[in-house]
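The values are calculated or read from the model by the stated rules, or taken from the named source; none is laboratory data. In this text the structure is predicted, and so the values were computed from the model without any measurement. All Cβ positions, even for glycine, are placed from backbone atoms using ideal geometry, and neighbour counts span all protein chains on display.
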Amino acid sequence: MRTIAIVNRKGGVGKSTMSTHIAAGLATLGYRVALVDTDSQGHSSLLLGMPDENGLFKLLIEKQPLENVVRLVPTDRYAPTDHPPLGELFILPSSEKTHQIPHQLEPDESFLFLQRMEEMAEHFNLDVAIVDTAPTMSPLDSSVYLATDGFIYVTECERLSFDGVQTAIEHMERFGKIRRKYLQRDSRIVGIIPNKLRADTRLHRHNVSQLAEAFPGLVWTPITLRVLWAEATNVSELVYTYAPSGVEARDAWKMVENTVRMLESWQTAETN
Ligand SMILES: Nc1ncnc2c1ncn2[C@@H]1O[C@H](COP(=O)(O)OP(=O)(O)OP(=O)(O)O)[C@@H](O)[C@H]1O
Ligand SMILES: [Mg+2]
């Protein structure tokens, strides 16, 4: 299983929105996917219309078994009824008790999150886990970074949001060294998604081209700012079911296709 975390140290840029759409899109295409929410805001569940539950806390702190905390997401929550998914989507939800996790983990439990992810991969026969992260760095993030194979950075097309990406990349590099040392595993940037693009502003176009220059080959097609994304969120739907033939769903599919391409190139690199 590959673990991909969706990150930016800046809030409100679209991490949860893109996490759920990538996870659901991959499941629709045939992957067996877990969406893992590590943010106490619990937005992944909210976006999918699933119950607000302290799944991550119960798993890591109360040591409850996986089958008590991981939920299968009903297909009508994320795929149009005439296009049923070929794979399956599970969710490991978070809620307010996620705040307490770092304070209650034992000092020797830095790798517990990784261990539980590996058990989950085996138990549910998963191909990929998509991890939705919180905007503020907490000690829980260290555990998440140690378990993460690849990072997708979601950013608004503004300078302050780019700074959040830069900080997150520095964290990835720091934890990458520990992963290499203790796990002999690399971590990589999967992609950078410029979100909430206002294509009619010169500033946004300029910023996106600067980003592409700084990270050659890693910046994906920007996602335009459109109110339909927020409208879908308002009724706990994804754009795939809310407006399946809209430009928003088309933008979301491009993002999923990019994720698939990266997963496949990863596979090829490993088998060679
Ligand atoms: N392309 C877009 N166009 C318009 N609205 C968007 C777009 N992408 C996301 N949004 C809206 O922006 C808001 C914030 O998105 P989201 O909750 O995904 O951000 P986040 O980075 O997860 O926030 P946090 O840092 O609080 O976890 C939501 O209301 C969402 O519907
Ligand atoms: Mg969020």
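Screening A230, A212, A249 for residues that are within 20 Å of the chain's Cα centre (by Cα), surrounded by 15 or more Cβ atoms within 10 Å (Cβ to Cβ), closer than 19 Å to G14 by Cβ and free of Cβ contacts under 8 Å to residues at least 12 places away in the same chain leaves exactly one candidate, A249. With respect to the conditions (1) assigned to a helix (DSSP H, G or I); (2) farther than 30 Å from E158 by Cβ; (3) modelled with pLDDT of 95 or more; (4) of a type outside the set (V, I, T), A34 lacks only one, and its number is (1). Out of P51, P80, P85, one residue alone is in a loop (DSSP other than H, G, I, E, B), more than 15 Å from ligand 1 (Cβ to nearest atom) and touching a Gly at 6+ places or on another chain (Cβ under 9 Å). It is P85. Can you tell me which of (1) in a strand (DSSP E or B); (2) touching a Lys or Arg at 6+ places or on another chain (Cβ under 8 Å) is the one L59 doesn't meet? Against the list (1) in a strand (DSSP E or B); (2) touching a Lys or Arg at 6+ places or on another chain (Cβ under 8 Å), L59 comes up short only on (1). Among the residues of the stretch 40-61, the ones that are of a type in the set (D, E, K, R) and within 18 Å of E118 (Cα to Cα) come to 1 in all. Considering only the stretch 99-107, I want to know if a residue exists there that is within 16 Å of ligand 1 (Cβ to nearest atom) and farther than 18 Å from R71 by Cα. The answer is yes; a qualifying residue exists. Scanning the stretch 10-32 for residues that are of a type in the set (D, E, K, R) and within 9 Å of ligand 1 (Cβ to nearest atom) returns K10, K15.
Scanning the stretch 173-193 finds no residues that are within 16 Å of ligand 2 (Cβ to nearest atom), at pLDDT below 90 and part of a helix (DSSP H, G or I). Does E96 fit the bill of being within 16 Å of ligand 2 (Cβ to nearest atom) and farther than 25 Å from Y242 by Cα? The answer is yes for E96. Taken together, the residues in the stretch 127-172 that are more than 16 Å from ligand 2 (Cβ to nearest atom) and among the hydroxyl-bearing types (S, T, Y) amount to 5.
Let's see how each residue does on (1) among the small types (G, A, S); (2) within 15 Å of L211 (Cβ to Cβ):
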position	(1), (2)
E158	no, yes
D163	no, yes
Q166	no, yes
G176	yes, no
R185	no, no
I192	no, yes
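Looking across the stretch 39-52 at every residue that is under 13 Å from S236 (Cβ atoms) and near ligand 2 (Cβ under 10 Å from one of its atoms), the one that is farthest from the chain's Cα centre (by Cα) is identified as L46. The set of residues in the stretch 122-145 that are under 27 Å from L72 (Cβ atoms) and over 16 Å from the mean Cα position of the chain (by Cα) comprises E122, H123, F124, N125. Please determine, by comparing only the residues of the stretch 1-38 that are within 15 Å of ligand 2 (Cβ to nearest atom) and more than 11 Å from the chain's Cα centre (by Cα), which one is surrounded by the most Cβ atoms within 10 Å (Cβ to Cβ). Applying the filter and picking the extreme gives V13. For the residues A199, A232, A212, the requirement of being away from ligand 2 (no atom under 16 Å from the Cβ) and either outside any helix (DSSP H, G or I) or in contact with an Asp or Glu (Cβ under 9 Å, 6 or more places away or on another chain) (or both) singles out A199.
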